[in-house]
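Just so you know, all these numbers are worked out from the coordinates, no wet-lab data involved. Just so it is clear, the model here is predicted, and its values are computed rather than measured. No Cβ is skipped: glycine too gets one built from the backbone with ideal geometry, and neighbour counts run over all protein chains shown.
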Amino acid sequence: MYNYGKCHVCGGRMEEAEIKQDFWVSGRLVVIESLPAGVCRQCGERVVKADIGRQIAALLGDQKLRRKARTMSVPVITFAKTIA
Ligand SMILES: [Zn+2]
């Protein structure tokens, strides 16, 4: 198992996990799931290995892949209107 070292935020222990992570690509929200990452047990900070980072960039840059990916709907809340 890859050693993610200590958390750069709080110094906590990083553990490998498969996460769901959101990215904004050209104004659109894209979610990648089953993403291997190091997650801090204390503060929840997430880091990915450099090669995983490169693969993420390749996936996000693949328009065909994005077009044929399944989609999900998410709630959108306008803060100012709701809180005022
Ligand atoms: Zn941490």
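The stretch 22-50 and the stretch 66-84 have Cα centres separated by 18 Å. Working note: Karplus 6.51/-1.76/1.60 with θ = phi - 60° gives the stretch 23-38 the couplings 9, 9, 10, 6, x, 10, 7, 10, 10, 10, 10, 6, 8, x, 8, x Hz, where Gly and Pro are set to x. Each Lys and Arg adds +1 at its Cβ and each Asp and Glu adds -1 at its Cβ; summed about the Cα centre, the chain shows a dipole of about 320 debye. In plain terms, the chain from R54 to S34 could stretch by 5.6 nm, reckoned as 0.36 nm per residue minus the Cα-Cα distance.
Stretching the chain fully between I83 and K68 yields a gain of 1.7 nm (0.36 nm per residue, less the alpha carbon separation).
For the chain, the equivalent ellipsoid derived from the alpha-carbon gyration tensor has semi-axes of 27, 21, 10 Å in decreasing order. Using just its DSSP H runs of length 4 or more, each adding -39500 (n - 2.57), the chain gives a mean residue ellipticity at 222 nm of -7000 deg cm²/dmol after division by all residues.
Fully extending the segment from S26 to R46 would add 4.9 nm, taking 0.36 nm per residue of separation and subtracting the current Cα-Cα distance.
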